[in-house]
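Here the structure is laid out as structure tokens; the discussion comes afterwards.
The values are calculated or read from the model by the stated rules, or taken from the named source; none is laboratory data. This structure is a prediction, so every number in the text was calculated from the model and none was measured. We place every Cβ from the backbone using ideal geometry, glycine too, and count neighbours over all the protein chains shown. Accessible surface areas use protein heavy atoms only, side chains included; no ligands, DNA or RNA. Shrake-Rupley method; radii C 1.70, N 1.55, O 1.52, S 1.80 Å.
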Amino acid sequence: MPKAAEVKALIKKHSPLMDESSELFRELEIFFGEQALIATDFFDLQRFLERKRLYRVLRLKGASFKECAYQLIDDNADCLEALGMLRYYKSSAPIKWEEVEAAETVMGKELPMTAYGWAPDAWTAIKDDNAEQYELVVLLAFDYGD
């Protein structure tokens, strides 16, 4: 089975009521798809789509991946309440790994250890000719309680 079909089947398996045309569904297909420059783990998909979850997709643009990371921290305090986070760095230019590492370091240093305990907590990068030079797409999973 091609990876795209496998990703779609797994999303439907773990979240059968999720609309295939939804923003979250499309972003999960991208994150776990063949474009990912760092291999992603389907176990993270299963953990992300656990029961009793609400989701949010954030799109950040900046002059660098590091600036995008600061925007996430400074402008989206609710990310500290998230149970899980998947994120991908997207650029029309070739990905510079040292810039991605700088953004990840910002998150590790700026977020309290208790908040930075997302499960799953995974990232990848994607080259997209239609993207701006520096974009960060963040998928957040929240507990909606009983």
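Listed values, structure above:
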| read-out | value |
| --- | --- |
| Hits in region 45-72 (condition: assigned to a helix (DSSP H, G or I), open to solvent by 30 Å² or more (accessible area, probe 1.4 Å) and not aromatic (Phe, Trp, Tyr)) | Gln46, Arg47, Lys66, Glu67, Gln71 |
| Of the criteria (1) surrounded by fewer than 19 Cβ atoms within 10 Å (Cβ to Cβ); (2) small (Gly, Ala, Ser); (3) under 18 Å from Phe32 (Cβ atoms), which one Gly108 fails | (3) |
| Selection from region 73-83 of residues that are surrounded by 14 or more Cβ atoms within 10 Å (Cβ to Cβ) and part of a helix (DSSP H, G or I) | Ile73, Cys79 |
| Lys52 in contact (Cβ under 8 Å) with a residue 24 or more places away in the chain, basic (Lys, Arg) and in contact with a helix residue (DSSP H, G or I) (Cβ under 9 Å, 6 or more places away or on another chain) | no |
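Yes/no per residue for (1) under 20 Å from Tyr134 (Cα atoms); (2) acidic (Asp, Glu); (3) in contact with a Pro (Cβ under 7 Å, 6 or more places away or on another chain):
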site: Lys13; (1), (2), (3): no, no, no
site: Leu28; (1), (2), (3): yes, no, no
site: Asp44; (1), (2), (3): no, yes, yes
site: Lys66; (1), (2), (3): yes, no, no
site: Ala77; (1), (2), (3): no, no, no
site: Ala82; (1), (2), (3): no, no, no
site: Tyr88; (1), (2), (3): yes, no, no
